[in-house]
Amino acid sequence: MKDGILYVNGVEPNSSSQTLSGEIKDLFLKSTNNLEWLSSGDVVLLKPALNSPHPYPSTTHPLAMVVISKILKEKGAKVVIGDQSGIRSVLHHSGGVIRGKTRDNYIKSGMGTEEDNFKSFEEEGWDEGFYHYQSTKTSSWRNGFHLTRWIEKADHIINLPRLSTHSQAGATLGFKNMVGCLREDSRMEFHANGPYNFFIKADALGSSLKSVNDHTGTFIEKIVEINDAVRDKLRSTLFVATKAQTTFGPDSQVLGIGRLKFAKAHVVSPEPGLVFASRDPVAAESFALAIIKHLRKSLPALPRIYESLILFLSNNAVKVDKLSIKEHPYIKHSVDIGLGEVASQIEYKNVPVALERSFNDLLN
């Protein structure tokens, strides 16, 4: 198997859970070459997108968790599911957890149950649960960053993002999913380079966390470089894209006050729905970005105007629409630091030819 192959399966709208489960299994096994790297007793970390307690598509599709966990357990793996939700939901500093629990979000989002082996990274301890990482590939982080020790403990890592735009970063796909592995002070550090950091600082009130802008303008580059820490253990990045958020994000709305919801994400159901996976994280990221660009071409006028009015301080959403995929900083920087290559070897199944051409044109 060549690492760069991207596998894409189309799924008819309103397909049964059994059908979707079959497509997830098919792509997971293809993208991992039938788990050739797995030995009985190996620890496999599943990293979902769990920024909030909001259900799919704001978070990872529950069937991805169920199907992949089952396959791995049947092969003798010890499966660990882990994440730390965003600062609005979970606030953690050197004195401990101030509020929230990622495990609660895991259950409330519908992603899993109490019986699952889920680890809330914030509960592992500020020093005990996180370690310092820095390399020649993480130059945007002047002093490196801290991330969960489960990266060290795991023998293998599976990345399970969702498909969504993002109010600050433009898009939240596979690379940004690894933000959930960071300790809270490192989260504060990279957010200080991005737009709307005043929201992050407001969410951190009551903690000892500091927000200092290093004025490097490397918000997206910092996000990409987190993935250098997992490159040697990452075995597959798999998306379930039967739904996608095509404005705002990562949550189902930017702000909620009681029952009032502001800047709700526009959700679409692609036809066909898509499940795709690759060992190469850049191949998966570039294809996910192609889908976002394709879907946003037909974004209705009202959601587009609403988004532009709310996000007028950020040009990252504009970058998703205007820049070619190869020139987008997510992709350009990931290729520059050797994380992989833009999707070029693509195996489609049950995807209309016209849609294949559209994706291939965007990638090229």
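The values are calculated or read from the model by the stated rules, or taken from the named source; none is laboratory data. Everything numeric here is computed off the predicted structure, so don't read it as measured data. We place every Cβ from the backbone using ideal geometry, glycine too, and count neighbours over all the protein chains shown. Calculation scope for accessible area: heavy atoms of the full protein, side chains included, ligands and nucleic acids excluded. Shrake-Rupley method; radii C 1.70, N 1.55, O 1.52, S 1.80 Å.
Annotations for the structure displayed:
- The residues listed here are K297, K332; of these, the one that is of a type in the set (K, R) and under 28 Å from P13 (Cβ atoms) is K297.
- For the residues V212, V179, the requirement of being farther than 21 Å from G338 by Cβ and either under 21 Å from the mean Cα position of the chain (by Cα) or open to solvent by 30 Å² or more (accessible area, probe 1.4 Å) (or both) singles out V212.
- Pair list, Cβ under 9 Å, 6 or more apart: region 99-118 residue free of Cβ contacts under 8 Å to residues at least 12 places away in the same chain, other residue polar (S, T, N, Q): R99/S89; I107/T113
- S85 passes every criterion in (1) touching a strand residue (DSSP E or B) at 6+ places or on another chain (Cβ under 7 Å); (2) over 26 Å from V342 (Cα atoms); (3) of a type in the set (G, A, S); (4) open to solvent by less than 10 Å² (accessible area, probe 1.4 Å) apart from (1).
- Region 136-165, residues that are crowded, with 24+ Cβ neighbours inside 10 Å and either among the basic types (K, R) or more than 20 Å from L234 (Cβ to Cβ) (or both): R162, S164, T165
- V79 being part of a helix (DSSP H, G or I), farther than 10 Å from L50 by Cβ and either at pLDDT 95 or above or open to solvent by 20 Å² or more (accessible area, probe 1.4 Å) (or both): no
- Taken together, S40, S52, S69, S58 contain a single residue that is surrounded by fewer than 17 Cβ atoms within 10 Å (Cβ to Cβ) and modelled with pLDDT of 95 or more, which is S40.
- Answer residue from region 1-50, given it is in contact (Cβ under 8 Å) with a residue 12 or more places away in the chain and of a type in the set (V, I, T) and is farthest from W150 (Cα to Cα) among those: V11
- Against the numbered list (1) without any contact (Cβ under 8 Å) to a residue 24 or more places away in the chain; (2) in contact with a Gly (Cβ under 6 Å, 6 or more places away or on another chain), E152 comes up short only at (2).
- Count of region 311-334 residues which are assigned to a helix (DSSP H, G or I) and buried (at least 17 other Cβ atoms within 10 Å of the Cβ): 11
- If the condition is being part of a helix (DSSP H, G or I) and not acidic (D, E), then region 83-114 contributes T102, R103, N105, Y106, I107, K108.
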